[in-house]
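Asker: Structure below; questions to follow.
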Amino acid sequence: MPIDRLLQGSKLRPEEIERLRSAYTRTLRSLYLIDRDDPIAEIVARKIIEIGASGGGDPTEISRLAIEELGIRRPPSV
């Protein structure tokens, strides 16, 4: 998973890493991104880490902000 690779060696506490992983997974699901090797998945991971570095937000809020800042429109619900 791209986020794990990007977080490797970080000085974040385990609970902070888990918060970012949760936000990342939530964002990928929300965008219907299944292929973790898709370059967009890495872009999403980088944005999640960037937002998480500001120190605030629960995974749901981080996910919402990432989608908003990336300017990605969610596919319509089926």
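Asker: To the nearest 0.05, how large is the calculated FRET efficiency for LEU33 and GLU61 if R₀ is 25 Å and r is the Cβ-Cβ distance?
Answerer: 0.85
Asker: Just to be sure I understand the model, the point goes 7 Å from the Cα along the line to the Cβ. What's the resulting THR25 to GLU68 distance in nm?
Answerer: 2.4
Asker: Oh, and also: Taking the Cα centre of the chain as origin, work out the dipole magnitude from +1 charges on Lys and Arg Cβ and -1 charges on Asp and Glu Cβ, in debye rounded to 20.
Answerer: Result for the chain is approximately 60 debye, rounded to the nearest 20.
Asker: For the ranges 43-51, 25-33, 60-68, what's the packing order if you count other beta-carbon atoms within 10 Å of each residue, average per peptide, and put the highest first?
Answerer: Values: 43-51: 20.6, 25-33: 16.9, 60-68: 18.6.
Output ranking for 43-51, 25-33, 60-68: 43-51, 60-68, 25-33.
Asker: Here is a further query. Mark the label point 7 Å from the Cα of GLU16 along Cα→Cβ and return the residues of the range 39-67 whose backbone N is within less than 11 Å of it.
Answerer: Taking a point 7 Å out along Cα→Cβ of GLU16, the residues of the range 39-67 whose backbone N falls under 11 Å are 52-56.
Asker: When only alpha-carbon atoms count, how far does the chain stretch along each of its three principal axes, as whole angstroms with the largest first?
Answerer: Result, largest extent first: 39, 25, 18 Å.
Asker: Here is a further query. Could you give the nm distance between label points at ILE40 and ALA53, where each point is 7 Å from its Cα heading toward the beta carbon?
Answerer: It is 2.4 nm.
Asker: Right, next: Along the charge dipole of the range 2-70, pointing to its positive end and built from +1/-1 on Cβ of Lys, Arg, Asp and Glu, which listed residue (LEU65, LEU7, SER30) has its Cα farthest out?
Answerer: Ranked along the dipole, the leading option is LEU7.
Asker: Take each uninterrupted DSSP H stretch in the chain, measure its Cα extent along the helix axis, and return the ones at 18 Å or beyond whose mean Kyte-Doolittle hydropathy is at least 0.0. If you can, show how the numbers build up before the last one.
Answerer: Numbers: long enough: 14-30 (24 Å, -1.21); 39-53 (21 Å, 0.98).
The answer, listed by residue number, is 39-53.
Asker: Rounded to the nearest 500, what is the 222 nm mean residue ellipticity of the chain from helices alone, with -39500 (n - 2.57) per DSSP H run of 4+ residues and division by all residues?
Answerer: -20000 deg cm²/dmol
Asker: May I ask you to derive the relative contact order of the range 20-78, considering only C-alpha pairs under 8 Å and at least 6 residues apart, and to give it as an integer percent?
Answerer: It rounds to 45 percent for the range 20-78.
Asker: By the scheme Lys and Arg +1, Asp and Glu -1, what is the net charge of all other residues having a beta-carbon under 13 Å from that of GLY56?
Answerer: Combined, the nearby Lys, Arg, Asp and Glu give -2.
Each value in this text was obtained by applying a stated rule to the coordinates, not by laboratory testing. Every value quoted in this text rests on a predicted model; they were computed, and no experiment measured them. Cβ atoms come from the backbone with ideal geometry, glycine included; neighbour counts cover every protein chain shown.
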